[in-house]
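The values are calculated or read from the model by the stated rules, or taken from the named source; none is laboratory data. Just so you know, these numbers come straight off a predicted model, no measurement behind them. With ideal geometry, Cβ positions are generated from the backbone for all residues, glycine too; neighbour counts draw on all protein chains shown. For the accessible areas, the whole protein counts, side chains as well, though only heavy atoms, and no ligand, DNA or RNA atoms are used. Shrake-Rupley method; radii C 1.70, N 1.55, O 1.52, S 1.80 Å.
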Amino acid sequence: MALRERLVQLLAEKWDGNQSCMSEGCGLKRTHIGILLRRLQTDPQASSESETLGKIAKGSGVSLAWLVGGEGPIASRHSCTIESISPSRPSSR
C-alpha cells in the first residue's frame with residue numbers, strides 16, 4: 001500500500017472523509033490534505049515534508065512508521081482516546 005492509500009484510509013476511518021477536518025485536526029492549513037492527495041495521485045513517488053507527515057501521524061493517532069512505509073502497527077504507542085483516560089460512569093438509564 002502506497003502513502004496515498006494510507007492517507008485515504010486515515011481520511012475515511014478517522015476523519016469521516018473530511019479533508020478540511022483532517023488538515024485542521026493535524027495542525028495543517030485547511031487545504032493541505034487535499035493538495036497532498038492530488039499531488040500523490042499525479043506522482044505516487046512525490047516526496048512529502050517529514051514535518052507534515054509527522055503532524056498527520058500525530059494528529060491521526062497513528063505511528064509515523066506505518067504512515068510513511070506501511071511498517072508496524074497502525075496505532076501509535078503514544079495515542080490515547082477520551083475513553084482511555086475518562087473514568088467509567090454508570091449509565092443513568
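Here are some notes:
- Consider the range 59-82 and keep the residues that are under 21 Å from residue 21 (Cβ atoms) and at pLDDT below 90. The one that is surrounded by the fewest Cβ atoms within 10 Å (Cβ to Cβ) is 82.
- Meets criteria (open to solvent by 30 Å² or more (accessible area, probe 1.4 Å), within 13 Å of the chain's Cα centre (by Cα) and modelled with pLDDT of 90 or more) for residue 27: yes
- Cβ-Cβ contacts under 8 Å between residues 6 or more apart (or on different chains), taken from a first residue in the range 7-30 that is touching a residue at least 60 places away in the same chain (Cβ under 8 Å) to a second residue that is of a type in the set (Asp, Glu) and surrounded by 15 or more Cβ atoms within 10 Å (Cβ to Cβ), are absent.
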